[in-house]
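Structure record follows, encoded as structure tokens.
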Amino acid sequence: MAGVLVMGAGSVGAYLGGLLALAGVPVHFVGRGARLAGLREHGLRLTDIDGLDKHLPAARLALHEAIPPGLHPDLCLLCVKSGATAEAAALLGRALPSGTLVVSLQNGLGNAQLAREQAPQLDWRPGMVPFNIAELGPGHLHRGSAGHLAIEGWPTDVALAALQTAWQRVGMQLELHGDLRPAQWAKLLLNLNNPINALSGLPLREQLLDAGYRRCLAALQEEALDLLNAARLPVARLTPLSPRGLLRVLRLPTPVFKRVAARMLRIDAQARSSMADDLLRGQPTEIDMLCGEVVRLATRLGRQAPRNARMQALVQGVAARPRHFSPVDLCRALGVR
């Protein structure tokens, strides 16, 4: 590949762009603040649950605070937080040649469409990142769970085929889907655990081993699945279990859950949700792109999603006044028994 632009050098952007750099692809990172300063001072260390441990010195990283003038990348990875999508898309629209392929690797379902409205001359594609990436220190990013990247596209897309090959050289698998929406909904269902994890104050694995938190997750997912069924929207299967099968497993007693869900629990002890990191830093969360998406689906159907709406309100409230919820408190707040 001639080059890739990463718009948003946070955990996802820096990690995936760093893998491309390890594969020999020229990568330009656009970021800001403490994240960019950490990369400039420490370089980029990439580790993962499978034993990867590579370091890219700062001198090998093309780091920028703005899109370099005259840059003509093969493609761009849009990795900013959802709240910054419109602004970033407008900047890309002014900087990149018409027809440049841009992949949204963000949470939620609507970012690619929102970006397309800002810069319709670019070729926007939705993508999905199924695994957790944690910042363990300045310039140190760690993938703590498993999964394959997915992007809406076809093998005939030259830039995507080259991206697929480059990531494969460093052990990262990319799947191409003609229609990504079923997989996006499946990922959103799994991401409904993000606000629970953020409010628990616990690492992901420890939180999932608590039956009360799992009941909350099952309740949020079941509410969303009922709405998706009413809307006749298909949901992909991203885990060995079907979405409905996962509900039954989440509600098992913890000793049984540990045996049945061993693959789900293959998460590093230090892994946490990105929403937990956002709350810790006092940054805006993506709750509107998760529970808020379920609430908007309910509204379109003339129905309600009271538990997802309540979770949305809880996260927004905690952002203003930080606190943690015990399993009992969270179950009570969501009306879960």
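Explain nothing, just the number: relative contact order of the range 202-284, from Cα pairs under 8 Å at least 6 residues apart, as a whole percent. Show your work: numbers first, answer last.
On the way: 51 pairs, mean separation 39.0, N = 83.
After rounding, I find 47 percent.
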### Message
Once neighbouring chains are kept in place and the probe is 1.4 Å, which whole percent of the accessible area of the range 196-337 is contributed by carbon and sulfur?
### Response
52
### Query
If we sort 33-39, 12-18 on the protection proxy, mean other Cβ atoms within 10 Å, highest first, what's the order?
12-18, 33-39
### Summary
For Ile287, the net charge from surrounding residues (Cβ-Cβ under 14 Å; K, R +1; D, E -1) works out to -1
### Message
I'd like the accessible area for Met264, computed on protein heavy atoms only with a 1.4 Å probe and all protein chains in place. Round to 10 Å², please.
### Response
60
#### Entry: Length-normalised contact order for the chain - Cα pairs under 8 Å, 6+ apart - percent
15
### Task
Please compute the net charge surrounding Leu5, taking Lys and Arg as +1 and Asp and Glu as -1 over other residues with Cβ under 14 Å from its Cβ.
-2
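Summing Lys, Arg as +1 and Asp, Glu as -1, what charge do residues with Cβ under 11 Å from the Cβ of Leu334 carry, Leu334 excluded?
Working: positive: Arg215, Arg307, Arg310, Arg332, Arg337; negative: Glu223, Asp329.
Residues close to Leu334 contribute a combined charge of +3.
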#### Entry: Rounded to 5, the percent of DSSP beta bridges in the range 113-237 classed as antiparallel
60
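Could you give the dipole magnitude of the range 284-337 about its Cα centre, charging the beta-carbon of Lys and Arg +1 and that of Asp and Glu -1, in debye to the nearest 20?
Details: 9 positive and 4 negative charges, 52 e Å.
Roughly 260 debye, rounded to the nearest 20.
Where does the chain land at 222 nm, in deg cm²/dmol rounded to the nearest 500, when only DSSP H runs of n ≥ 4 count, each adding -39500 (n - 2.57), divided by all residues? It would help to have the intermediate numbers written out before the result.
On the way: 15 runs with 157 residues, N = 337.
Computed ellipticity for the chain at 222 nm equals -14000 deg cm²/dmol.
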#### Entry: Accessible area of Arg60 in the full protein assembly, 1.4 Å probe (Å², nearest 10)
150
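Send over a whole-number figure in Å² for the accessible area per residue of the range 73-166, probe 1.4 Å. Walk me through the intermediate numbers first.
On the way: 3260 Å² over 94 residues.
Per-residue accessible area for the range 73-166 comes out at 35 Å².
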#### Entry: Relative contact order (%) - criterion: Cα under 8 Å, at least six apart; region: the range 1-146
26
### Summary
Given the candidates Ala218, Leu208, Pro240, the one whose Cα lies deepest towards the positive end of the charge dipole of the range 205-283, counting +1 at each Lys or Arg C-beta and -1 at each Asp or Glu C-beta, is Pro240
### Query
Who wins for biggest fluctuation among Ala66, Ala276, Ala134 in a Gaussian network model of the chain, springs between alpha carbons below 10 Å?
Ala66
### Query
Where the centroid of each part is defined by its Cα atoms, how far is the range 108-177 from the range 187-212 in Å?
23
### Task
Please label the shape of the range 146-198 as rounded, prolate or oblate, based on the square roots a ≥ b ≥ c of the eigenvalues of the alpha-carbon gyration tensor (a/c under 1.5 means rounded; beyond that, a/b larger than b/c means prolate, else oblate).
oblate
### Task
Using only protein heavy atoms and a 1.4 Å probe, report how much of Phe131 is accessible, in Å² to the nearest 10.
20
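So how much slack lies between Arg266 and Arg337, counting 0.36 nm per residue of separation and subtracting their Cα-Cα distance, in nm? Spell out each step's value before the answer.
Values: separation 71, 0.36 × 71 = 25.56 nm, distance 2.73 nm.
Length gained, Arg266 through Arg337: 22.8 nm.
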#### Entry: Span from the the range 72-101 Cα centroid across to the the range 258-300 one, whole angstrom
25
#### Entry: Angle in degrees between helix 181-191 and the longest Cα principal axis of the chain, rounded to the nearest 10
60
### Cβ charges +1 (Lys, Arg) and -1 (Asp, Glu), total dipole of the range 21-98, debye
200
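Nearest 5 percent is fine: what portion of the DSSP beta bridges confined to the chain is antiparallel? Please report the intermediate quantities before stating the final value.
Details: 10 of 37 bridges.
Percentage antiparallel, nearest 5: 25.
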### Query
Of Met172, Met128, Met311, which is the most mobile in a GNM of the chain whose springs link Cα atoms less than 10 angstrom apart?
Met172
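Treating only the Cβ of Lys, Arg, Asp and Glu as charged (+1, +1, -1, -1), what charge dipole size does the range 46-150 show about its Cα centre? Round to the nearest 20 debye. Before the final figure, lay out each step's value.
Values: 7 positive and 9 negative charges, 23 e Å.
So the magnitude is around 120 debye.
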### Task
Provide the per-residue ³J(HN,Hα) series for the range 253-259, in order, calculated from phi with Karplus coefficients 6.51, -1.76, 1.60 and θ = phi - 60°, each as a whole number of Hz, with x at glycine and proline positions.
x, 4, x, 6, 4, 4, 6
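Run the numbers for Ala90 and Gln283: contour at 0.36 nm per residue of separation, minus the present Cα-Cα distance, in nm. Walk me through the numbers before you get to the answer.
Details: separation 193, 0.36 × 193 = 69.48 nm, distance 2.19 nm.
Between Ala90 and Gln283, full extension yields 67.3 nm more.
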### Query
What ranking of Asp50, Asp226 comes out by heavy-atom accessible area, probe 1.4 Å, highest first?
Asp50, Asp226
### Summary
Candidates Arg321, Arg263, Arg272; GNM for the chain (alpha-carbon contacts under 10 Å) flags as most fluctuating Arg321
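The values are calculated or read from the model by the stated rules, or taken from the named source; none is laboratory data. Being a predicted model, the structure only gives us computed values, none of them experimental. Cβ: placed from backbone, ideal geometry, glycine included. Neighbour counts: every protein chain shown. SASA here: full protein model, heavy atoms, side chains in, ligands and nucleic acids out. Shrake-Rupley method; radii C 1.70, N 1.55, O 1.52, S 1.80 Å.
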